[in-house]
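Student: The structure that follows is given in the form of structure tokens.
The values are calculated or read from the model by the stated rules, or taken from the named source; none is laboratory data. Only a predicted model underlies this, so the values are computations on that prediction, with no experimental measurement involved. Counting neighbours? That spans all protein chains shown, and the Cβs are built from the backbone with ideal geometry, glycine included.
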Amino acid sequence: MNAQQLEILLIDDDEDSLLITQGLLAQVHDARYRLQWVGNYEAGLEALRRGGHDACLVDYRLGARDGLELLRQAQSEGCRTPIIMLTGQGEHAIDVQAMKAGAADYLAKEELDAARLERSLRFAIERQQLMARLEALASAEHRSRLELEQAHTELKKTYDELKRAQAQLIRTEKLSALGQLVAGVAHEINNPLAFVNNNMSVLQRDMQAVGEVLALYAKGNAALAEHDSALYQRIQECVEQMDLPYTLANFDQLLVRSISGLKRIQHLIKGLRDFARDAVVPAVQAEVDLNAEIEAALGLVQFKAEARQVVLETDLAPLPPVGCRPGRINQVVVNLAANAVEACAAGGKVIVQSRLGTNGVEIHVLDTGCGIDPSIMSKIFDPFFTTKPQGQGMGLGLSISHGIVAEHGGRFEVASSPGRGAHFVVYLPLTRPSLPELGASTTTTSARTDVDY
């Protein structure tokens, strides 16, 4: 070791040991030692607690309590100072115990000389310094590993956000293209539909008049038979062939049903045009009648329910105006209702409810379908997760819906068990001060298109 000031603590109840140790250290020429002496157990333990020593010499015999007990106590309290045990001749068993208890070395007083003392102190101090460096390296490695793990976590988070943003961008572009197509188709259907609907109303009015005229003509049948029996016979044959009384009696009902069907088509076209508007133009927040929006959204799902022979019912409670983007909320209702219908077999039922909650409004979608397996419950809002066959769903609907609800400051709850249907609840606040523009990236938006039970 280079010449340096080394602080050595001596714990020994015999003052002669102090003089002997000082004399031995004075014989060491290549190092300078400063020796501090304490003469009892308690003072020695307190000195070790304070620290500041490069090494410590502890006599085994300390009165009622011995140096081995002091060593163990210091070790249990986290003392880092290397401790060398001083023992008498023939106390080899104590030396072994001292080493097992964590002593840096042991020295027999009767055999002690300057060289042995210097070598023991030097090895103990160097070993402690080496251990400190190793611990520092281990600590640095641990910190590096934690930083690497944190960087990996951040990288994965960034990657996941990038995937969500990419999915959002793809969805926005697809919605925009689909919206333009739907808007064009809806416009082309709406124009002829308008005049067909008007003509049906005119036809209904005029057929009532035609029925009245035919009834008046029927009153002249006796006179016609008397003056022109051949014409009368031909008229009667036509009446019987077309079953004129039945036709006149049911013609009005045929027109009523036809007009009702045309109105349903008009309602569907309106829903498509609203969807196209929100898909092409950034949605604007407004105070809306949420029940009306739910009804409009379900109009787009009704055909699917009828095709699958599933009953689609509504149970809508009175609600105050809700601040939201109606087209986006419509999309959530359409996704949930369509998924619920697809989960049901023929004869199943889907109920869509609205309720006024404590802190906002609630939209409930309940079905009697197959339910959701617990093993996939945690994945249903993940982007691109789907249980449908390939080509029948991208697995984005629920994720998109989750993002829409989140950007409105709301949340989802789901309850389900296999074979007992599912119950989705959307909680929305009554007002939302500001919402990001459509297509803007948000950390809460995750995406998923069809929940696939």
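Student: Going through VAL301, VAL365 one at a time, which residue ends up being closer than 15 Å to LEU398 by Cα and touching a helix residue (DSSP H, G or I) at 6+ places or on another chain (Cβ under 6 Å)?
Tutor: Testing whether each residue is closer than 15 Å to LEU398 by Cα and touching a helix residue (DSSP H, G or I) at 6+ places or on another chain (Cβ under 6 Å) leaves just VAL365.
Student: Out of LEU48, LEU71, LEU62, which single residue is over 20 Å from GLU126 (Cα atoms) and touching a helix residue (DSSP H, G or I) at 6+ places or on another chain (Cβ under 7 Å)?
Tutor: LEU62
Student: Checking ARG171 against (1) at pLDDT 80 or above; (2) basic (Lys, Arg); (3) touching a helix residue (DSSP H, G or I) at 6+ places or on another chain (Cβ under 7 Å), which test does it fail?
Tutor: (1)
Student: In addition: Need at least 2 residues that are under 21 Å from GLN353 (Cα atoms) and modelled with pLDDT under 75 per element, so show me which strands (runs of 3 or more DSSP E) inside the range 221-339 make the cut, counting only ones lying wholly within it.
Tutor: Passing ranges: none, list empty.
Student: Which one is modelled with the lowest pLDDT among residues in the range 174-217 that are farther than 28 Å from ILE259 by Cα, surrounded by 13 or more Cβ atoms within 10 Å (Cβ to Cβ) and of a type outside the set (S, T, N, Q)?
Tutor: Among them, the one singled out is LEU175.
Each row is one residue, and each column tells you yes or no for (1) surrounded by fewer than 18 Cβ atoms within 10 Å (Cβ to Cβ); (2) among the hydroxyl-bearing types (Ser, Thr, Tyr); (3) within 28 Å of GLU313 (Cβ to Cβ); (4) modelled with pLDDT of 55 or more.
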{"residue": "GLY371", "(1), (2), (3), (4)": "no, no, yes, yes"}
{"residue": "LEU396", "(1), (2), (3), (4)": "no, no, yes, yes"}
{"residue": "ILE400", "(1), (2), (3), (4)": "no, no, yes, yes"}
{"residue": "VAL405", "(1), (2), (3), (4)": "no, no, yes, yes"}
{"residue": "GLU413", "(1), (2), (3), (4)": "yes, no, yes, yes"}
{"residue": "PRO418", "(1), (2), (3), (4)": "yes, no, yes, yes"}
{"residue": "PRO429", "(1), (2), (3), (4)": "yes, no, yes, yes"}
{"residue": "SER441", "(1), (2), (3), (4)": "yes, yes, no, no"}
{"residue": "SER446", "(1), (2), (3), (4)": "no, yes, no, no"}
